[in-house]
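Working notes for the structure below.
The values are calculated or read from the model by the stated rules, or taken from the named source; none is laboratory data. Since the structure is predicted, the reported quantities are computational estimates derived from the model, not experimental observations. Here the Cβ is made from the backbone with ideal geometry for all residues, glycine too, and neighbour counts use every protein chain on show. SASA here: full protein model, heavy atoms, side chains in, ligands and nucleic acids out. Shrake-Rupley method; radii C 1.70, N 1.55, O 1.52, S 1.80 Å.
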Amino acid sequence: MAESAARPEIGPDDRIVVDHLWKSFGTIQAVRDVSLRIRTGTVTVIVGPSGSGKSTVLRCMNHLEVPTSGAVYIDGVHLGDRRTNINLIRREVGMVFQQFNLFPHLSVLDNITLALRKVRGRSKTEAEAIAMAQLQRVGIPEQARKRPGQLSGGQQQRVAIARSLAMNPRVMLFDEPTSALDPEMIKEVLDVMQELAASGMTMVVVSHEMGFARQVGSHMVMMDQGRIVEEGAAEDVFARPQHPRTKEFFSKIL
Amino acid sequence: MTGPDHGDLSEAGAAIVEPARRSSVRDLPLWLFAILAILALMAVVIATEASFGEAFEVIIPGISLTVGITLVSFVASIAIGLVAGLGRVSRNIVIRNLAITYIEFIRGVPIVVLILMIAFVVVPAGSRILGIPNNAVPQETRFIIALSVIYGAFIAEIFRAGVEAVPKGQMEAGRSLGLTHAQTMRSIILPQAIRTVLPALGNDFISLLKDSALATLLGVRDLTQSARLYTGSSFRFDEAFLVLTFLYLSMTLVLSLLVQQLQRRLGRG
């Protein structure tokens, strides 16, 4: 893969470094030469029209998509390196999906304890204590014994967040976490994410929620047609978008 | 919102109430009543006509082999089917192509031919290799091996479909938690896949029960062979084959009603 390419400079604060990332699906170029640094403790919001490659960039950050070329480093570890055990990296990287992807055949509690037991090697009692603490954190401990199908969309997404948090990840990736939700449930999920950001969690969020991006985001990345067209401090990009594409995008969705 | 909602409801309500009365007759399982009537008629004939009763008594002991062969072959073919089905969806191209080769080979040859081939060519060859005298392998065993290998391929396709029906996001969610591919398969994908394929497995169990009649090819004394032996000595074809049909049909009817019940329960849950 990109073994021959020079390793970019990675500072102690760089949690994720995306280096000249390209990704194509068949003849479609989804991501074109994207480079990005996610610093520890920041909340990076990636925005852009659909098809701009933002979800693909996010999914490359835990190797759900394998880059066509270029590299992703997490805490300095090259994900595409043959010697990298991707399972070890992924347990440190939480991922929240648009469609929640809860396990429908397991209770809410078992959804959260499964990886704690199988990956972290926790006992049943320990795992359940951790799971209950995380359910408390997202505000739905009383749903622990239910199946995901019995919960509302907002509650399901909060369970999905709790499931990721239970692994005590170093970074959390959110792939359009509120896009599949009814409007009245968006806030309960955003509130949980806001609390998480306030606690110092490093987060990368692909989202259309401009209010959230403005309030919670520390860094903002605007993508279009597979490229980053603009990035910077969230407030600056909002207040003074430089690129015409960003101005046009904001004028359409704000 | 309440305006149109209300309108839709009353409309839907009317639609449910009105034709429901008419369609209640149409929804009755008339076919089931017909089958039950045919079975009842056959039962009356067997119970009242002495020659039919005699045929029944002669044939019925074969049921233990029919049921035994079916159960053992079903368990074995599920084991084979699970391995081949997982191989079929494996990311390893060698394993995947081995599984496809097996499945397509079986699907490309008539069942009757496969049974003859396995019983008279493959098993003798296998016993030569293993150093077992060929006649030490009973015909029942050969038949069970043949049925299991054949149905293993059918059931592999069922498992493959079940695994592929589980949304892709389930594997992604498992992997992104740090579970390995195998762990995700075992704890997340397979439990969901098995649930969805239960009715299909039930249907294959019924097919397997019916195909167990091919035991007669090897002279194994199941129901069918018993009936044929009886006609050979008595020339009572009407009696033998009516009894035989009655027995298979009553078994498959009960089983297919059970499968329907299972399907309904899974559909609700």
Just to be sure before I move on: is B:L9 open to solvent by 90 Å² or more (accessible area, probe 1.4 Å), farther than 24 Å from B:A240 by Cβ, out of contact with any strand residue (DSSP E or B) (no Cβ under 9 Å at 6 or more places or on another chain) and at pLDDT below 75 in the structure I sent? yes
Taking A:S199 and the conditions (1) hydroxyl-bearing (S, T, Y); (2) farther than 21 Å from A:V31 by Cα; (3) touching a residue at least 40 places away in the same chain (Cβ under 8 Å), which numbered condition does it fall short on, given that it satisfies the others? (3)
Wholly within segment A:1-75, strands (runs of 3 or more DSSP E) carrying at least 2 residues that are in contact with a strand residue (DSSP E or B) (Cβ under 7 Å, 6 or more places away or on another chain) and surrounded by fewer than 17 Cβ atoms within 10 Å (Cβ to Cβ): A:14-25, A:28-39
Where in segment B:170-255 are there helices (runs of 4 or more DSSP H), lying fully within it, with 3 or more residues that are within 14 Å of another protein chain (Cβ to nearest Cβ) and open to solvent by less than 40 Å² (accessible area, probe 1.4 Å)? B:190-211
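Do the conditions hold for B:F143, that is, is it out of contact with any Phe, Trp or Tyr (no Cβ under 9 Å at 6 or more places or on another chain) and over 26 Å from A:K118 (Cα atoms)? Outline the logic, then answer.
Details: out of contact with any Phe, Trp or Tyr (no Cβ under 9 Å at 6 or more places or on another chain): yes; over 26 Å from A:K118 (Cα atoms): yes.
It is true that B:F143 is out of contact with any Phe, Trp or Tyr (no Cβ under 9 Å at 6 or more places or on another chain) and over 26 Å from A:K118 (Cα atoms).
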Do you know which of the residues in segment A:165-193 that are open to solvent by less than 30 Å² (accessible area, probe 1.4 Å) and farther than 26 Å from A:G51 by Cβ is nearest to the other protein chains (Cβ to nearest Cβ)? A:M167
I'm told B:A34 meets every condition in (1) surrounded by 13 or more Cβ atoms within 10 Å (Cβ to Cβ); (2) part of a helix (DSSP H, G or I) except one. Can you identify the failing condition by its number? (1)
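Quick one: in segment A:85-129, of everything that is of a type in the set (G, A, S) and in a helix (DSSP H, G or I), which residue is nearest to the other protein chains (Cβ to nearest Cβ)?
Filtering segment A:85-129 for residues that are of a type in the set (G, A, S) and in a helix (DSSP H, G or I), the one nearest to the other protein chains (Cβ to nearest Cβ) comes out as A:A115.
Name the single residue, out of those in segment B:84-109 being closer than 15 Å to B:A161 by Cα and under 18 Å from the mean Cα position of the chain (by Cα), that is surrounded by the fewest Cβ atoms within 10 Å (Cβ to Cβ).
In the first step, residues of segment B:84-109 are kept if they are closer than 15 Å to B:A161 by Cα; the result is B:84-90, B:96, B:99-100, B:103.
Next cut, under 18 Å from the mean Cα position of the chain (by Cα) only: B:84-85, B:103.
On the way: B:A84: 24, B:G85: 27, B:I103: 21.
Out of the qualifying residues, it is B:I103.
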Answer yes if at least one residue in segment A:141-159 is within 11 Å of chain B (Cβ to nearest Cβ), touching an Asp or Glu at 6+ places or on another chain (Cβ under 9 Å) and in a helix (DSSP H, G or I), and no otherwise. no
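The rows are residues; the columns are (1) open to solvent by less than 60 Å² (accessible area, probe 1.4 Å); (2) free of Cβ contacts under 8 Å to residues at least 12 places away in the same chain; (3) more than 20 Å from B:S187 (Cα to Cα).
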| position | (1), (2), (3) |
| --- | --- |
| A:L116 | yes, no, no |
| A:R120 | no, no, no |
| A:R137 | no, no, yes |
| A:E142 | no, yes, yes |
| A:K146 | no, no, no |
| A:G149 | no, no, no |
If B:T48 satisfies every condition in (1) of a type outside the set (A, V, I, L, M); (2) surrounded by fewer than 17 Cβ atoms within 10 Å (Cβ to Cβ); (3) at pLDDT 95 or above; (4) under 30 Å from the mean Cα position of the chain (by Cα) but one, which is the exception? (4)
